[in-house]
Amino acid sequence: MFEKFSKYLVPIAGKLNNNRYLQVLRDAFMLAFPLTIFGSIFVVLTNLPFLDKLMSDSAIATLQSTFGIASSATMGIMSIFVVFGIGYYLSRTYDVEAIFGGAIALVSFLLLTPFVLQPETGEAVTGVIPLDRLGAKGMFLGMITAFLSAEIYRKVIQKDFTIKMPAGVPPAVAKSFAALIPAFVTLSIFLAIHVIVTLVFETNMHDVIYNAIQAPLVGLGSGIIPTLIAVFFIQILWFFGLHGQVIINSIMDPIWNTLMIENLEAYTAGEKVPHIISKPFIEIFTVGMGGTGMTLAVIIGLLLFMKSRQMKQVGKLGLAPGIFNVNEPIIFGLPIVMNPIIIVPWILAPMVVTLVTYLAMSAGIVPPPTGVAVPWTVPIFINGIMATNSIMGGVMQLVNLAIVFVIWFPFLKAADRVNVAKEIEAEANQKIS
């Protein structure tokens, strides 16, 4: 059965993993990762739950307004980093000058961005860019624009429509002139799109893409059923030795990151967090409990309740990295990959925990993640508190850890009995020989 399943799944997963555009998208989001972590740290520090006991309301307001620039200048304009990253990395895959690809993608995005702030009451303010256009609301338009502009830019270069300078010209000058015609062609196309959409249809591309594509996709991705499907495929791909996190996240990250930014925007504005499902939800309440599959509970079971020397040794090797959510020693040492005894808890436990966490947050027992990006190596309980700004986030993780342990235990005992029998047989053969 496994051979038949892998015959069809592995080639598809391999194509997704090696897809040029998904790789570029993944790298572009990773470009923004250290910046979002910086902004998130200051969001956590300025919104600690016990600040009201140490400071007055006016002092807290001053603290948040003073240091709020840290999140606004990073997570608040995340679309800019993603757009530049897509243009840069996609151009680099075609072996054309990548820095110009990133710059052209960014300017193309800005050409489609309205420099108008329309308040609910009063006159419009021109000459400014609304911050939400550079954050969550502009994410999908930014990605589409970046991919298209980079493709146009590289095609013009590859057709040799460039200005070639003499050999003695400094390289920086020569590269600038070589990018002149490709940049002019690419930017002219996006300027024409802006003119047509603005004058003919009296709208802007941000609103068109947001209403036609982004809002439906984000609405779909914020639901529990699509999330459970994504978790299922992450686990099943790992079972066959493929990095399910990388493959599935490449597809889902645009949606999950958009939900994360919308949560952060609402949280920093003092409003109710709108989404339960987001990037931190996936990172903290699945990966953030010992790595993919939440195997910290498995390590505890191996160390405390198994009799097999092999399984105890695997538990010892996996404990230190498992605390920091690195679980390759367990995945390949237990092993989990292609182990038919393990496949049921490996797939079932994350799906059950995801559903239980979603229901607990829907019921208001646990607050949803605020949108703060927590490094995935932060240990369990601490990362749960940081992600939700509540001790209940850490408590939820401990409950989830118990759920995972209960689901895994009978299967671990079955594997343990098999290994103990093999070890006894090996010892008996050794004595005979």
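The values are calculated or read from the model by the stated rules, or taken from the named source; none is laboratory data. Just so you know, these numbers come straight off a predicted model, no measurement behind them. Note: ideal-geometry Cβ built from the backbone for every residue, glycine included; neighbour counts use all protein chains shown. Protein only, heavy atoms only, side chains kept; ligands, DNA and RNA dropped before computing areas. Shrake-Rupley method; radii C 1.70, N 1.55, O 1.52, S 1.80 Å.
If the convex hull of the alpha-carbon atoms of the chain is projected onto planes in all directions, what is the mean projected area in square nanometres?
Numbers: hull surface 116.1 nm².
Over all viewing directions, the chain projects a mean Cα-hull area of 29.0 nm².
Pairs of alpha-carbon atoms within less than 8 angstrom and 6+ residues apart define the contacts here; what relative contact order does region 158-307 have, in percent?
Details: 95 pairs, mean separation 20.1, N = 150.
13 percent.
Normalised Debye scattering of region 307-382 at q = 0.17 Å⁻¹ gives log10 I(q)/I(0) of -0.88, counting only Cα atoms as equal scatterers and leaving out solvent.
For HIS243 and ILE343, a Förster radius of 22 Å and the Cβ-Cβ distance give a FRET efficiency of 0.80, rounded to the nearest 0.05. The distance linking region 12-47 with region 331-348 is 28 Å (Cα centroid to Cα centroid, whole angstrom). Its alpha carbons give region 1-115 an Rg and a Dmax of 20.9, 65 Å. Each Cα pair under 8 Å and six or more residues apart adds its sequence gap; the mean of these over the residue count of region 96-227 is a relative contact order of 30 percent. Between amide H atoms placed 1.01 Å from N, distances below 5 Å from VAL116 occur with VAL128, all of them 5 or more places distant or on a separate chain. Any chance you could give the angle, 0 to 90 degrees and rounded to 10, that helix 309-323 forms with the longest Cα principal axis of the chain? Helix 309-323 sits at roughly 30 degrees to that axis.
Output the relative contact order of the chain, whole-number percent, from Cα pairs under 8 angstrom with separation of 6+ residues.
On the way: 637 pairs, mean separation 62.1, N = 433.
So the answer I get is 14 percent.
Based on the alpha-carbon gyration tensor of region 60-164 and its eigenvalue square roots a ≥ b ≥ c, which shape applies: rounded if a/c is under 1.5, prolate if not and a/b is larger than b/c, or oblate?
Details: a/c = 3.26, a/b = 1.97, b/c = 1.65.
Prolate, since a/c reaches 1.5 and a/b exceeds b/c.
Residue separation of ILE365 and ASN429 scaled by 0.36 nm, minus their Cα-Cα distance, works out to 17.4 nm of gained length.
In the context of the full set of protein chains, region 304-356 has a per residue accessible area of 47 Å² (1.4 Å probe). Rg/Rh for region 239-386 to two decimals, with Rh computed the Kirkwood way over all alpha-carbon pairs. Across region 239-386, the Cα-based Rg/Rh ratio is 1.01.
In the structure displayed, which of LYS15/LYS137; LYS15/LYS159; LYS15/LYS155; LYS307/LYS422; LYS155/LYS175; LYS53/LYS272 lie more than 20 Å apart, Cα to Cα? Working shown, then result.
On the way: LYS15/LYS137 30 Å; LYS15/LYS159 28 Å; LYS15/LYS155 24 Å; LYS307/LYS422 12 Å; LYS155/LYS175 16 Å; LYS53/LYS272 22 Å.
In this structure, LYS15/LYS137; LYS15/LYS159; LYS15/LYS155; LYS53/LYS272 lie more than 20 Å apart at Cα.
Determine the gain in length on full extension of the stretch ILE323-LYS272; use 0.36 nm per residue of separation and subtract their C-alpha separation, reporting nm with one decimal. Write out the running numbers ahead of the final one.
On the way: separation 51, 0.36 × 51 = 18.36 nm, distance 3.20 nm.
In short, 15.2 nm is gained.
The 3J(HN,Hα) values that the Karplus relation (6.51, -1.76, 1.60; θ = phi - 60°) gives for region 247-264 are, in residue order, 5, 6, 4, 4, 7, 8, 4, x, 6, 5, 5, 5, 4, 4, 5, 4, 4, 5 Hz. Gly and Pro appear as x.
Using r as the Cβ-Cβ distance of ARG309 and ALA124, and R0 as 56 Å, what FRET efficiency do you calculate, to the nearest 0.05?
0.15
Nearest 500 deg cm²/dmol is fine: what mean residue ellipticity at 222 nm does the chain get from its DSSP H runs of n ≥ 4 alone, each adding -39,500 (n - 2.57), divided by its residue count?
Values: 21 runs with 296 residues, N = 433.
So the calculated ellipticity at 222 nm is -22000 deg cm²/dmol.
Using 0.36 nm per residue and subtracting the Cα-Cα separation, the extra length available between LEU398 and LEU355 on full extension is 14.0 nm. Helix 343-362 axis versus longest C-alpha principal axis of the chain: approximately 60°, rounded to the nearest ten. The candidates LYS413, LYS159, arranged from most to least accessible area with a 1.4 Å probe in the full protein assembly, appear as LYS159, LYS413. Compute the acute angle (0 to 90°) between the alpha-carbon long axis of helix 180-199 and the principal axis of greatest extent of the alpha-carbon atoms of the chain; round to the nearest 10°. Its long axis makes an angle of about 80 degrees. Residue order by solvent-accessible surface for ASP95, ASP132 is ASP95, ASP132, largest first, with ligands and nucleic acids left out and a 1.4 Å probe. Atom-type composition of the exposed protein surface of region 204-338 places 70 percent of the accessible area on carbon and sulfur (1.4 angstrom probe).
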